[in-house]
Amino acid sequence: MPAMSALARLTRLLQGRTAQNLLALYGVQFANYLLPLILLPFLARVLGPGGWGLLAIVQSYAQYLSLLVEYGFALSATREVARHREHRDRLAEILAGVTGAKILLSVGAAGLTLLIAPWVENLSQDPLLLWSGVFWAIALGFSPNWFFQGLERLRLVAGIEVATKTIAALFILLLVQSPSDAWKVLFLQGLASSLSSILTLWLAYKKVGFRWPNVPLSKEAFQLGWSMFFFRAAVSLYTVGNVFILGLFAPPHLVAYYAGAERLTKALLGLLEPINRTFFPKLSYLVQHSPQAAAHLAGRIVIAMGLGGALGALLVVGLAPWIVHLLLGHEYQAATSIMRILALLLPMIALSNALGIQWMLALGLDRPFNGVILWAGFLNLGLALVLVPRLAHYGMAYAVVLVEAFVTGAMWFYLWRQGKTPWQIQKRIQA
């Protein structure tokens with residue numbers, strides 16, 4: 001009887017909307033993290049440290065552009081959709097406004113590349129690779145998955161994304177045969193993201209009705225997303241852009257050692273990301289309607305993500321030599337020590353995501369949150385300028401770990417001083 005009761009409870013849990021969305025997002029993470037990880041051994045060997053390092057630099061630059069096009073709408077627009085999910089006309093306005101804003105941002109991303117590329121040697125070496133990266137960046141940033149995330153209806157769009165990216169990965173394995181084929185990697189990934197975005201946007205308009213983007217709606221979208229864009233731009237200075245920053249000072253083969261270690265390390269962290277994306281809209285809703293339930297859930301998320309990150313760090317430190325040899329090859333053994341340094345990121349990033357993205361933003365503490373991220377971005381640039389010219393890829397690794405320690409500590413300190421940790425809020429409500 002107890003076993004049957006437990007099975008019944010598990011069945012009800014898995015049938016809930018939150019559990020279904022969590023499973024759907026793990027499918028998306030498979031496409032976004034595990035598929036590139038599966039491709040990594042193939043590309044590292046076919047392209048070699050020099051070719052793969054150059055690809056990593058362009059990918060890192062493209063991620064900057066993708067963040068520009070995405071503009072933080074994955075957070076700001078998701079929050080708006082979650083708040084107005086019962087109002088069809090308002091949802092149509094949000095969708096049209098964000099779409100119009102992204103069209104303008106895409107034009108800006110292409111123009112920015114024309115200005116920057118001639119001045120950065122590692123970008124101008126291969127124009128075909130560079131513009132394939134720009135195409136991928138715009139397609140990736142244009143994804144309207146945020147709309148269905150806010151509605152907590154992700155199963156179908158997650159399936160579309162997984163299917164298109166899996167097909168792209170298969171074509172990469174078939175068509176990339178030498179270092180000169182590096183551009184095909186980003187072009188095929190851009191095609192997959194474009195198809196996924198088009199299909200998902202069609203589903204969104206089918207749900208709320210088509211409305212042409214216009215200037216007032218796009219302006220409103222920019223205003224709503226500004227604080228989140230500020231956050232994403234600042235956080236990119238010490239996360240997705242580190243490979244690009246290293247590429248400004250170091251040759252491609254040293255960049256390849258760092259990029260390989262970073263990707264292998266953060267692949268484990270990617271397993272925690274669906275928790276972020278699933279519970280953020282739920283916490284945003286609960287903060288407005290049931291603060292005690294929100295605080296209780298947030299506390300559990302902090303503990304779970306902290307423990308998961310710590311376990312991941314231990315695994316990376318112990319298995320680093322074997323992982324590097326298996327997934328990157330004998331030419332990349334220099335990445336082992338870098339990987340062990342970066343293992344310290346796993347528990348810190350897990351905690352900063354839980355405290356910051358999950359809790360501070362749900363409470364509407366955008367300003368202090370952005371302040372921490374802004375200072376972290378400047379700190380990362382400062383440390384990189386000091387450490388990378390002297391220590392190359394090791395300097396970048398040390399800088400990233402120090403900055404993430406600052407972020408996690410600063411967020412916790414602010415919440416504690418303001419009496420707004422989940423446990424402090426629960427205690428006040430119960431008193």
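The values are calculated or read from the model by the stated rules, or taken from the named source; none is laboratory data. On a predicted model such as this, the values are computed, not experimentally measured, just so you know. Quick reminder, even Gly has a Cβ in these numbers, built from the backbone with ideal geometry, and neighbours come from all protein chains shown. Heavy atoms of the whole protein, side chains included, go into the accessibility calculation; ligands, DNA and RNA do not. Shrake-Rupley method; radii C 1.70, N 1.55, O 1.52, S 1.80 Å.
Restricting to the stretch 193-214, and then to whatever is open to solvent by 80 Å² or more (accessible area, probe 1.4 Å) and within 27 Å of the chain's Cα centre (by Cα), can you tell me which residue is nearest to residue 142 (Cα to Cα)?
If we take residues in the stretch 193-214 being open to solvent by 80 Å² or more (accessible area, probe 1.4 Å) and within 27 Å of the chain's Cα centre (by Cα), then 198 is nearest to residue 142 (Cα to Cα).
Could you grab the pairs with beta carbons closer than 8 Å, sequence gap of 6+ or different chains, first residue in the stretch 71-84 and touching a residue at least 60 places away in the same chain (Cβ under 8 Å), second one open to solvent by less than 20 Å² (accessible area, probe 1.4 Å) and assigned to a loop (DSSP other than H, G, I, E, B)?
From residues that are touching a residue at least 60 places away in the same chain (Cβ under 8 Å), the pairs are 75/361; 79/361; 82/152.
From 428, 340, which residue is in a helix (DSSP H, G or I), over 18 Å from the mean Cα position of the chain (by Cα), buried (at least 16 other Cβ atoms within 10 Å of the Cβ) and of a type in the set (D, E, K, R)? Quick ask: steps written out before the conclusion?
On the way: 428 fails: buried (at least 16 other Cβ atoms within 10 Å of the Cβ).
It is 340.
Which residue is farthest from residue 62 (Cα to Cα), if the candidates are limited to the stretch 178-192 and must be of a type in the set (S, T, N, Q) and surrounded by fewer than 24 Cβ atoms within 10 Å (Cβ to Cβ)?
So the first thing to find is which residues in the stretch 178-192 are of a type in the set (S, T, N, Q), and the list is 178, 180, 189.
When the remaining residues are screened for being surrounded by fewer than 24 Cβ atoms within 10 Å (Cβ to Cβ), the result is 178, 180.
Numbers: 178: 22, 180: 19 Å.
Once the filter is applied, the top-ranked residue is 178.
Given 324, 317, which one is of a type in the set (A, V, I, L, M, F, W, C), open to solvent by 10 Å² or more (accessible area, probe 1.4 Å) and either part of a helix (DSSP H, G or I) or farther than 25 Å from residue 40 by Cα (or both)?
Working: 324 fails: open to solvent by 10 Å² or more (accessible area, probe 1.4 Å).
Every option except 317 fails the conditions.
Have a look at 229, 222 and point out the one that is out of contact with any helix residue (DSSP H, G or I) (no Cβ under 7 Å at 6 or more places or on another chain), farther than 23 Å from residue 402 by Cα and among the hydrophobic types (A, V, I, L, M, F, W, C). Full working, then the answer.
Numbers: 222 fails: out of contact with any helix residue (DSSP H, G or I) (no Cβ under 7 Å at 6 or more places or on another chain).
Selected residue: 229, the only one of 229, 222 that is out of contact with any helix residue (DSSP H, G or I) (no Cβ under 7 Å at 6 or more places or on another chain), farther than 23 Å from residue 402 by Cα and among the hydrophobic types (A, V, I, L, M, F, W, C).
Taking helices (runs of 4 or more DSSP H) that do not extend beyond the stretch 1-110, which have at least 3 residues that are among the charged types (D, E, K, R), at pLDDT 75 or above and in contact with a Pro (Cβ under 8 Å, 6 or more places away or on another chain)? Before you say what the answer is, go through the steps one by one.
Values: elements: 2-15, 17-29, 35-70, 73-83.
Per the criteria, no element qualifies.
Is it the case, given these coordinates, that residue 113 is part of a helix (DSSP H, G or I), of a type in the set (Ser, Thr, Tyr), in contact (Cβ under 8 Å) with a residue 24 or more places away in the chain and touching a Ser or Thr at 6+ places or on another chain (Cβ under 8 Å)? Steps first, please.
Values: part of a helix (DSSP H, G or I): yes; of a type in the set (Ser, Thr, Tyr): yes; in contact (Cβ under 8 Å) with a residue 24 or more places away in the chain: yes; touching a Ser or Thr at 6+ places or on another chain (Cβ under 8 Å): no.
It is false that residue 113 is part of a helix (DSSP H, G or I), of a type in the set (Ser, Thr, Tyr), in contact (Cβ under 8 Å) with a residue 24 or more places away in the chain and touching a Ser or Thr at 6+ places or on another chain (Cβ under 8 Å).
I'm trying to understand the selection: among the residues of the stretch 217-249, which are touching a Leu at 6+ places or on another chain (Cβ under 8 Å) and not in a helix (DSSP H, G or I)?
Residues satisfying the conditions are 237, 238, 240.
Out of 392, 397, 343, 362, report the one residue that is of a type outside the set (Ser, Thr, Tyr), in contact with a Leu (Cβ under 7 Å, 6 or more places away or on another chain), touching a residue at least 12 places away in the same chain (Cβ under 8 Å) and closer than 15 Å to residue 266 by Cα.
Details: 392 fails: closer than 15 Å to residue 266 by Cα; 343 fails: in contact with a Leu (Cβ under 7 Å, 6 or more places away or on another chain); 362 fails: closer than 15 Å to residue 266 by Cα.
Result of the check over 392, 397, 343, 362: 397.
If you scan the stretch 349-388, which residues turn out to be among the aliphatic types (A, V, I, L, M) and assigned to a loop (DSSP other than H, G, I, E, B)?
We begin by selecting, within the stretch 349-388, every residue among the aliphatic types (A, V, I, L, M); these are 349-351, 354-355, 357, 360-363, 365, 372-374, 376, 379, 381, 383-388.
Passing the criteria: 361, 362, 363, 365.
Only residues that are of a type in the set (Asp, Glu) and either more than 17 Å from residue 215 (Cα to Cα) or surrounded by fewer than 18 Cβ atoms within 10 Å (Cβ to Cβ) (or both): list them for the stretch 66-113, please.
Within the stretch 66-113, the subset of a type in the set (Asp, Glu) is 70, 80, 86, 89, 93.
Within the stretch 66-113, 70, 80, 86, 89 qualify.
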